[in-house]
Amino acid sequence: MPEDDPRFADVYDADLGATMLEMSRRVTGVPQYLGIELVGIGPGWVAGEMSVRPELLNPFGAMHGAAVAALVDHVLGSCVFPLIPRGTWPATLEFKLNYLAPVREGVVRAESRVTAITKRTAVVHVDVLNEGRIVATALGTISLNPPKHDG
């Protein structure tokens, strides 16, 4: 697991992190279809995994880039969630993803880490590994949207 970032120790919501881990086992929609599960979380980082399955392969026998991108997007926003005020919504603005090697079998793991965070944005780095080998890396920007108050 990645190391906890001491910069975020005082704002990290450990209860929310534990809830996120539990909820990731009951997720629906695209993460459920892809089999994405959060496997670790701490101050400033999240790790998520998914297994390579035949329906996620492209015609050349490698995991489709869109499946890898979905895993990256999932952990990109998840790592800031326990650091921001409750009710704030993290939304991916953009990310650049470099594919470094094909994935053909096993488990794909994405490890995200907050690089920088302000009240309105966060920059997050993600490494994607397959059986311990780095297969992709990404850098993204998250918009942090505070709750709207009626009035």
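The values are calculated or read from the model by the stated rules, or taken from the named source; none is laboratory data. Remember, it's a predicted structure, so these values are computed and weren't measured experimentally. Heads up, the Cβs are rebuilt from the backbone with ideal geometry, glycines too, and the neighbour counts pull from every protein chain shown.
Candidates in region 1-36 are the residues that are at pLDDT 90 or above and among the hydroxyl-bearing types (Ser, Thr, Tyr); of these, the one that is farthest from Ala70 (Cα to Cα) is Tyr12. Going through (1) among the charged types (D, E, K, R); (2) surrounded by fewer than 19 Cβ atoms within 10 Å (Cβ to Cβ); (3) part of a strand (DSSP E or B) one by one, Arg109 falls short only on (2). With respect to the conditions (1) under 30 Å from His149 (Cα atoms); (2) charged (D, E, K, R); (3) part of a helix (DSSP H, G or I); (4) touching a strand residue (DSSP E or B) at 6+ places or on another chain (Cβ under 7 Å), Glu94 falls short on a single one, namely (3). Of all residues in region 73-88, none are exposed (fewer than 12 other Cβ atoms within 10 Å of the Cβ) and either among the hydroxyl-bearing types (Ser, Thr, Tyr) or within 19 Å of Gln32 (Cα to Cα) (or both). Applying a threshold of 8 Å to beta carbon distances and a minimum spacing of six or more residues, or different chains, the list of pairs starting in region 67-79 at a residue that is in contact (Cβ under 8 Å) with a residue 40 or more places away in the chain and on the phi < 0 side of the Ramachandran plot and ending at one that is basic (Lys, Arg) and surrounded by fewer than 24 Cβ atoms within 10 Å (Cβ to Cβ) reads Cys79/Arg113.
Residues that are within 28 Å of Pro147 (Cβ to Cβ), touching a residue at least 40 places away in the same chain (Cβ under 8 Å) and out of contact with any His (no Cβ under 9 Å at 6 or more places or on another chain): does region 49-64 have at least one? Within region 49-64, none of the residues are within 28 Å of Pro147 (Cβ to Cβ), touching a residue at least 40 places away in the same chain (Cβ under 8 Å) and out of contact with any His (no Cβ under 9 Å at 6 or more places or on another chain).
Of the residues screened, Val30 is not one that is out of contact with any helix residue (DSSP H, G or I) (no Cβ under 8 Å at 6 or more places or on another chain), in contact (Cβ under 8 Å) with a residue 40 or more places away in the chain and either under 19 Å from Arg133 (Cα atoms) or not in a loop (DSSP other than H, G, I, E, B) (or both).
Listed here are the residues, each with its yes/no results for (1) at pLDDT 95 or above; (2) in contact with a helix residue (DSSP H, G or I) (Cβ under 7 Å, 6 or more places away or on another chain); (3) surrounded by 15 or more Cβ atoms within 10 Å (Cβ to Cβ); (4) within 30 Å of Glu55 (Cβ to Cβ).
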{"position": "Leu100", "(1), (2), (3), (4)": "yes, no, no, yes"}
{"position": "Val128", "(1), (2), (3), (4)": "yes, yes, yes, yes"}
{"position": "Val135", "(1), (2), (3), (4)": "yes, no, yes, yes"}
{"position": "Ala138", "(1), (2), (3), (4)": "yes, yes, yes, yes"}
{"position": "Ile142", "(1), (2), (3), (4)": "yes, yes, yes, yes"}
{"position": "Pro146", "(1), (2), (3), (4)": "no, no, no, no"}
{"position": "His149", "(1), (2), (3), (4)": "no, no, no, no"}
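If you go through region 40-60 and keep only what is surrounded by fewer than 16 Cβ atoms within 10 Å (Cβ to Cβ), closer than 21 Å to Val126 by Cα and in contact with a helix residue (DSSP H, G or I) (Cβ under 9 Å, 6 or more places away or on another chain), you end up with just Gly40. Figure legend. Inter-residue proximity from region 10-24: first residues touching a residue at least 24 places away in the same chain (Cβ under 8 Å) and more than 8 Å from Pro82 (Cβ to Cβ), second residues among the hydrophobic types (A, V, I, L, M, F, W, C) and assigned to a helix (DSSP H, G or I), beta-carbon distance below 9 Å, spacing 6+ or different chains. Indicated pairs: Val11/Leu83.
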